[in-house]
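None of the figures in this text is laboratory data; all of them are computed from the coordinates on show. As the structure is a prediction and not an experimental result, all values here were calculated from the model. Cβ placement follows ideal geometry from the backbone for every residue including glycine, while neighbour counts extend to all protein chains displayed.
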Amino acid sequence: MEAIAAIDQRLSEIHARIASFAPRPTPSAGAPSALSSSALASSASLYPAGTSFADVFASVTQTSGTSLATAASQLNSAGAPTSLAGYGNGRVPETSLAPLAGSNERMWAPAAEHLNNLIADAKKAGVAISVTDGYRDYDSQVRVAAQKGLYSEGGLAASPGTSEHGWGLAADLGLDPTAQAWMREHAKEYGFVENVPREPWHWEFSPSV
Ligand SMILES: [Zn+2]
């Protein structure tokens, strides 16, 4: 029962957050109550500048407050999320992934939470970081290996089924020199490490390191 009460509580928090972004009714006597097409067309302006519905949705549905220690405890000795081991690399269920703000990419939910925090804090410091690649399912790993060649053979792709992208633990980032320097100084605070030589854009969620 406590678990149900906790879910109820979380749902009402989510409803409250969504309601705070919902369109305010415009009082105008005699006006039809249905939204006009122009109101729908301008729906993007309902959200804070620079954000989209996806950003708001992510911010209200993510499991906030997963500490780095908690995230680390959810990884097995091979560094993969224990809860995903039964599914396999590149076969992670959608429900275990969460969106990365400002992109169409996703990561294992605790990693996404910390990367979203990292990107938001960098932005506050005037540093722009974009996401070019997150979770990669098995078929995508096969495609990338064909395009970029295997890392072991001088290319830039892991053998399909072994990429950290296949656990939703790695992200490839768009980093100018300022952002690269910022990452090297601060990423560790968010559990991210630069761990592949020749790939300064590739950052892995490794909170136990
Ligand atoms: Zn990568």
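Hey, can you tell me all the residues within the range 165-178 that are more than 11 Å from the ligand (Cβ to nearest atom) and touching a helix residue (DSSP H, G or I) at 6+ places or on another chain (Cβ under 7 Å)?
Filtering the range 165-178 down to residues more than 11 Å from the ligand (Cβ to nearest atom) leaves 167-168, 174-178.
Within the range 165-178, W167, G168, L175 meet the criteria.
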statement: Going through the range 105-128 in order, the residues found to be in a loop (DSSP other than H, G, I, E, B) and in contact (Cβ under 8 Å) with a residue 40 or more places away in the chain are E105, A125, V127, A128
- line: For the range 135-158 the number of residues that are loosely packed, with under 15 Cβ neighbours inside 10 Å, part of a helix (DSSP H, G or I) and not polar (S, T, N, Q) is 5
query: Across the range 189-207, which residue is nearest to D172 (Cα to Cα) among those that are assigned to a loop (DSSP other than H, G, I, E, B) and within 13 Å of the ligand (Cβ to nearest atom)?
result: W201
query: If you go through the range 179-196 one residue at a time, do you hit one that is touching an Asp or Glu at 6+ places or on another chain (Cβ under 6 Å) and in contact (Cβ under 8 Å) with a residue 40 or more places away in the chain?
result: no
